[in-house]
Amino acid sequence: MTLFSELGLDAPLLKALEAEGYTSPTPIQEQSIPHLLQGKDMLGLAQTGTGKTASFALPILQRLDQIKQRAMPKSARVLVLTPTRELAVQVGQSFKTYGCHYRLRHALVFGGVGMVPQIKTMAGGVDVLVATPGRLLDLMNQGAIRLDSVEVLVLDEADRMLDMGFILPIRKIVAAIPKSRQTVLFSATMPDSIVGLANSVLHQPVRVEVTPVSSTVDKIDQKVMFVDRENKRTLLTEMFACKTVERALIFTRTKHGANRVAEMLEKSGIPSDAIHGNKSQGARQKALADFKDGRIRALVATDIAARGIDVDGITHVINFELPNEPESYVHRIGRTARAGASGIALSLCDADEVSYLRSIEKTIRQAVPVDYEHAYHAPHIASRGAGGKPKPQGRPQAHSQAHPQAGRPQQGRGNNPHGEHANGGKPAHGSGRPAQPGRGPAKAGGKPGFKGMPGGGQRAARG
Ligand code: AMP
């Protein structure tokens, strides 16, 4: 496992990363950081959720600190362009978080809010300006912002910016920045328009690319189980009646939740432990070693703690609670499909988590197939979570099937979860890439369902 320190990052950044609970760089970070620290231009093919923000923010912060220079009035040393104000806020926050041990000035400029505070913030000049193209151009035209001393330009989610019609503002903005700058362009997709933009703004760029989220997700056999909160614990415990649940990584949102679930499983005779930030290093290492060596069957973790878990052969990822950040879902379930292997991801969704499920489905651009068969199925939640679709009719008897859901109608919700589009009728990120079809019973056969689930028969997802 590579460490952040091996990528050449300075102590103030390492300290900030440690405080965030990041133990190791993500693939895009590992690939990008060394190049960007050298001041090279870069073309990055990566989606949200891959850690792309830190992959450019960290080296940029370090270079800002190394090349000590004061920002010129009304200007910025670093300009990051983003398609939306939400992303601008997120990126701005990341720069603040990672740069908390540096003395740097930041500003956000986006539309939909008053200009005066933005003009005031920019008056003295800032180190890092994160902006959306339209408002930035407005303020440039008013003489409130000038870009003739920008040292680094980042175009984040460039494909989405072009889809939103920002090509002209972008061209005008780029033309106002000195050619001697460092330029980074991130895009989730590479349509011709992006190739054209990249060719015109980048100078001998290195190209880095990480596997799109969707292809990781595609290898994983996912199911959502709608269940009332009070039944979650019993449902979870009973999953372990199936022997194929050999090594399960279980996620909770909180550290206390992780402890409670691990204790509950232990009491039910399922060897388990919890791993989270409140545990000593020694206790964490022991839990991990026990998990790797098969002394425990279940490891219950929070998202942050799980980032450092490097264990092969995880048969199941179980989301005891759904994450409120959709990207975390992708990180979580990716734990069971390492090194090209496939895996199983089961998500328990109660009434309060339906909105999380919807965000997840938008992010992964596919519907998570519903398990209607488990004994604690909550139809009142399913009717909301499954876009109001009724339970499929005419399903075969569970016990007569090698696979409990073989031969049933597709349970995904079609190509487009809930019939929603992330971007006004375009796929999310406006990528032009078709949404992934909601998948039905993939990988049927071969794996028995849960015996001994309440209600009997082969139930729940493939165990
Ligand atoms: P991004 O793709 O930049 O939107 O990042 C996705 C999420 O991953 C954000 O919540 C980051 O805070 C988190 N993140 C980024 N890098 C790491 C890392 N190396 N370890 C753990 N979490 C990370």
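The values are calculated or read from the model by the stated rules, or taken from the named source; none is laboratory data. The structure presented is a predicted model; accordingly, all values stated were derived computationally and were not measured. Cβ placement follows ideal geometry from the backbone for every residue including glycine, while neighbour counts extend to all protein chains displayed. We work out accessible area using only protein heavy atoms, side chains counted, and drop any ligands, DNA or RNA first. Shrake-Rupley method; radii C 1.70, N 1.55, O 1.52, S 1.80 Å.
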* Asked: Of (1) touching a residue at least 40 places away in the same chain (Cβ under 8 Å); (2) surrounded by fewer than 15 Cβ atoms within 10 Å (Cβ to Cβ), Ala301 satisfies all except one. Which?
  -> (2)
* To do: Consider Pro59 carefully, then state whether it is touching a residue at least 24 places away in the same chain (Cβ under 8 Å), open to solvent by less than 60 Å² (accessible area, probe 1.4 Å) and within 16 Å of the ligand (Cβ to nearest atom).
  => yes
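When the residues of region 271-298 are narrowed to those that are open to solvent by less than 20 Å² (accessible area, probe 1.4 Å) and among the small types (Gly, Ala, Ser), which ends up farthest from Leu87 (Cα to Cα)? Explain how you work it out, then say what you get.
The initial filter retains those residues of region 271-298 that are open to solvent by less than 20 Å² (accessible area, probe 1.4 Å), namely 272, 274-276, 287, 290-291, 296, 298.
Filter again for among the small types (Gly, Ala, Ser), leaving 272, 274, 287, 298.
Working: Ser272: 38, Ala274: 33, Ala287: 37, Ala298: 36 Å.
Taking the candidates together, the pick is Ser272.
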* Structure fact -> If we keep only residues of region 202-218 that are within 18 Å of the chain's Cα centre (by Cα) and surrounded by fewer than 16 Cβ atoms within 10 Å (Cβ to Cβ), then the residue modelled with the lowest pLDDT is Ser215
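When you go through Val330, Val261, Val317 one by one, which is the residue that is of a type in the set (A, V, I, L, M, F, W, C) and out of contact with any strand residue (DSSP E or B) (no Cβ under 9 Å at 6 or more places or on another chain)? Walk me through how you get there before you give the answer.
Details: Val261 fails: out of contact with any strand residue (DSSP E or B) (no Cβ under 9 Å at 6 or more places or on another chain); Val317 fails: out of contact with any strand residue (DSSP E or B) (no Cβ under 9 Å at 6 or more places or on another chain).
When all the criteria are applied, what remains is Val330.
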* **Extreme residue, surrounded by the most Cβ atoms within 10 Å (Cβ to Cβ), among residues of region 1-31 that are under 26 Å from Val195 (Cβ atoms) and within 11 Å of the ligand (Cβ to nearest atom)** => Gln29
* To do: Go through the residues of region 199-215 one by one and say whether even a single one is under 25 Å from Gly343 (Cα atoms), touching a helix residue (DSSP H, G or I) at 6+ places or on another chain (Cβ under 7 Å), in contact (Cβ under 8 Å) with a residue 40 or more places away in the chain and not in a loop (DSSP other than H, G, I, E, B).
  => yes
* Asked: For region 219-266, how many residues meet the condition of being touching a residue at least 60 places away in the same chain (Cβ under 8 Å), hydrophobic (A, V, I, L, M, F, W, C) and under 12 Å from Glu321 (Cα atoms)?
  -> 7
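Name the residue, out of Thr132, Thr84, Thr121, that is away from the ligand (no atom under 11 Å from the Cβ) and without any contact (Cβ under 8 Å) to a residue 24 or more places away in the chain. Full working, then the answer.
Numbers: Thr132 fails: without any contact (Cβ under 8 Å) to a residue 24 or more places away in the chain; Thr84 fails: without any contact (Cβ under 8 Å) to a residue 24 or more places away in the chain.
Unique residue meeting the criteria: Thr121.
Let's see how each residue does on (1) farther than 14 Å from Ile60 by Cα; (2) modelled with pLDDT of 95 or more:
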| site | (1), (2) |
| --- | --- |
| Tyr98 | no, yes |
| Ile119 | yes, yes |
| Thr132 | yes, yes |
| Arg146 | yes, yes |
| Glu151 | no, yes |
| Arg160 | yes, no |
| Met164 | yes, no |
| Lys172 | yes, yes |
| Arg181 | no, yes |
* To do: Tally the residues that are among the charged types (D, E, K, R), at pLDDT below 90 and either in the same structural domain as Ala378 (by TED's automatic domain parsing) or outside any helix (DSSP H, G or I) (or both), restricting the search to region 235-288.
  => 2
* Kindly check whether there is at least one residue in region 32-52 that is more than 13 Å from Phe95 (Cα to Cα), in a helix (DSSP H, G or I) and open to solvent by 50 Å² or more (accessible area, probe 1.4 Å). => yes
* With respect to the numbered conditions (1) within 12 Å of the ligand (Cβ to nearest atom); (2) at pLDDT 90 or above, which one is the sole condition not fulfilled by Asp41? -> (1)
* Select from region 125-143 the residues that are open to solvent by 10 Å² or more (accessible area, probe 1.4 Å) and part of a helix (DSSP H, G or I) and write down the one among them that is nearest to Ala158 (Cα to Cα). => Gly134
* Inspect all residues belonging to region 95-107 and state whether any of them is within 12 Å of the ligand (Cβ to nearest atom) and crowded, with 18+ Cβ neighbours inside 10 Å. => yes
* Are there any pairs, at least 6 apart or on different chains, whose C-beta atoms fall under 8 Å, with the first in region 1-18 and under 8 Å from His101 (Cβ atoms) and the second part of a helix (DSSP H, G or I) and away from the ligand (no atom under 13 Å from the Cβ), and if so, which? -> Pro12/Asp65; Leu13/Leu61; Leu13/Gln62
